[in-house]
Amino acid sequence: MIQNIIVLGSTGSIGTQTLDVCRRLGIRVKAISGNHNEKLLEQQCREFKPDICWVGEEKYGALKTALADTDVKVVTSDDALDSLAYEQEADLLLNALMGIRGLKPTLAAIESGKRIALANKETLVAGGDIVMKKAAEKGVRILPVDSEHSAVFQCLQGGKKPKKILLTASGGPFYGKKREELRNITPTDALRHPNWSMGAKITIDSSTLMNKGLELIEAVHLFGVRPEQIEVIIHRESIIHSMVEYPDNAVIAQLGLPDMRLCIQYAITYPERVESPVGSIDFGSLRGLTFAKPDEETFSLLPLAREAIKKGGNLPAAVNGANEAAVTLFLAGKIKYLDIFDLVEAAASASAFQKEPTVRDILDTDAAAREFVYGRT
Ligand code: MG
């Protein structure tokens, strides 16, 4: 099992749960990073005593002063985050950053040969070809933290290539609704997820099913399958976290209560399994497990994501960038819920296609897609 870890995005939902796992397993936290929440960062620094802590520029002065009586080195700037990921020695880097910002630190950590636990799906959505190629070159293992991908990864233990991956989706808070009924959805409505407690961006993505679209792209990269081999299936109870079907049509599923600490812990202890604070499923009191096909006409970002990864190149980066911008605008009350769908679709059609983008091209594509979305409002 690993001895020490770097946690990027330590103040977010996955980040704090990761530190909870580290606390219980006695794993040394070598570095952490957070953007805005300097109070929580200070608390985390005092408890875990990392060598280094990265913070967003706005909070740099305040945090540095607050930690003046400690040995924690406080740094800021994008370059400092990349060099932290590269230079700081650790067995594992867990990336729980939000959005495309996670791409460069992930690449830096792979370059230095660190094992990666990836909770930042946008990294693979936008730069999956480059990230997976670099990981193969460096012999670096990328362990999924996302519950569905952790489930698929667990179902593939001891198995060969799957014939099919069945990605489960809760369907989010608007399951069963038609487009017309989504017209007046507010951020508060969309932030009410039935099963999972998560950050704001991913909760909105879950409500639009874009989250499942991003996960489909992530799965293509992580498991080396074609988009056609992935089926999204609505499973309202969030007990089965995903399944794989083998060539003989045998299906293996991974089940558990919906609690991210299980997936986080498995990425940290892999290939071992140790006790966790997550409860057991009480099968006797489960009323049943239900399944349905997703409504791709209403939740059109799911098929859009599938088409984007089929075409490949920089298109997934454009879709992802446009979506990040649209969700930001929606949460700020600047656009309507249905505008998210329209803006992402329009930005994807407007994006200039590149078959084999570099990291620079991907970041440029992302910026152009955001500008397109912001320009429409
Ligand atoms: Mg997920």
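The values are calculated or read from the model by the stated rules, or taken from the named source; none is laboratory data. Owing to the predicted nature of the structure, the values given are computational and were not obtained by experimental measurement. FYI the Cβ positions are ideal-geometry reconstructions off the backbone, even for glycines, and counts take in every protein chain you see. All accessible areas refer to the heavy atoms of the entire protein, side chains included, with ligands and DNA or RNA removed. Shrake-Rupley method; radii C 1.70, N 1.55, O 1.52, S 1.80 Å.
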Pairs with Cβ under 6 Å, 6+ apart, first in the range 178-205 and under 27 Å from Ile240 (Cα atoms), second away from the ligand (no atom under 16 Å from the Cβ) and part of a loop (DSSP other than H, G, I, E, B): Lys178/Thr298; Thr203/Leu191
Search result, residues across the range 204-229 that are buried (at least 23 other Cβ atoms within 10 Å of the Cβ) and of a type in the set (Val, Ile, Thr): Ile204, Thr208, Ile217, Val220
Number of positions in the range 329-370 that are over 22 Å from the mean Cα position of the chain (by Cα), open to solvent by 40 Å² or more (accessible area, probe 1.4 Å) and without any contact (Cβ under 8 Å) to a residue 40 or more places away in the chain: 5
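Table: residues versus (1) assigned by TED's automatic domain parsing to the domain that holds Leu216; (2) exposed (fewer than 14 other Cβ atoms within 10 Å of the Cβ).
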position: Tyr246; (1), (2): yes, no
position: Ala250; (1), (2): yes, yes
position: Ala253; (1), (2): yes, no
position: Gly256; (1), (2): yes, no
position: Ala267; (1), (2): no, no
position: Pro271; (1), (2): no, yes
position: Val274; (1), (2): no, yes
position: Leu286; (1), (2): yes, yes
position: Thr290; (1), (2): yes, yes
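Looking at Glu87, is it within 16 Å of the ligand (Cβ to nearest atom) and out of contact with any strand residue (DSSP E or B) (no Cβ under 6 Å at 6 or more places or on another chain)? Break it down into steps so the answer makes sense when it comes.
Values: within 16 Å of the ligand (Cβ to nearest atom): no; out of contact with any strand residue (DSSP E or B) (no Cβ under 6 Å at 6 or more places or on another chain): yes.
In short, no.
Would you mind listing the strands (runs of 3 or more DSSP E) fully within the range 72-155 where at least 2 residues are open to solvent by 10 Å² or more (accessible area, probe 1.4 Å)?
Values: elements: 73-75, 92-95, 115-118, 142-144.
Correct list: 73-75.
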Pair list, Cβ under 7 Å, 6 or more apart: the range 140-167 residue closer than 22 Å to Pro303 by Cβ, other residue within 13 Å of the ligand (Cβ to nearest atom) and in a loop (DSSP other than H, G, I, E, B): Asp146/Ala119
Qualifying residue in the range 263-283 (condition: assigned to a loop (DSSP other than H, G, I, E, B) and at positive phi): no
Some residue of the range 45-56 being more than 16 Å from the ligand (Cβ to nearest atom), closer than 23 Å to Ala325 by Cα, open to solvent by 10 Å² or more (accessible area, probe 1.4 Å) and more than 22 Å from the chain's Cα centre (by Cα): no
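Is it fair to say Ala109 is in contact (Cβ under 8 Å) with a residue 12 or more places away in the chain, touching a Phe, Trp or Tyr at 6+ places or on another chain (Cβ under 9 Å) and not polar (S, T, N, Q)?
On the way: in contact (Cβ under 8 Å) with a residue 12 or more places away in the chain: yes; touching a Phe, Trp or Tyr at 6+ places or on another chain (Cβ under 9 Å): yes; not polar (S, T, N, Q): yes.
Considered against the rule, which asks whether it is in contact (Cβ under 8 Å) with a residue 12 or more places away in the chain, touching a Phe, Trp or Tyr at 6+ places or on another chain (Cβ under 9 Å) and not polar (S, T, N, Q), Ala109 comes out as yes.
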Single residue of Gln3, Gln44, Gln17 found to be touching an Asp or Glu at 6+ places or on another chain (Cβ under 7 Å) and either at pLDDT below 95 or closer than 23 Å to Ala119 by Cα (or both): Gln3
Residue tally, condition open to solvent by less than 30 Å² (accessible area, probe 1.4 Å) and outside any helix (DSSP H, G or I), over the range 293-320: 7
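Does at least one position in the range 43-64 carry a residue that is in a strand (DSSP E or B) and either touching a His at 6+ places or on another chain (Cβ under 9 Å) or acidic (Asp, Glu) (or both)? Walk me through it before giving the result.
Taking the range 43-64 first, the residues in a strand (DSSP E or B) are 52-55.
Applying the additional criterion that residues be either touching a His at 6+ places or on another chain (Cβ under 9 Å) or acidic (Asp, Glu) (or both) yields 55.
Within the range 43-64, one or more residues are in a strand (DSSP E or B) and either touching a His at 6+ places or on another chain (Cβ under 9 Å) or acidic (Asp, Glu) (or both).
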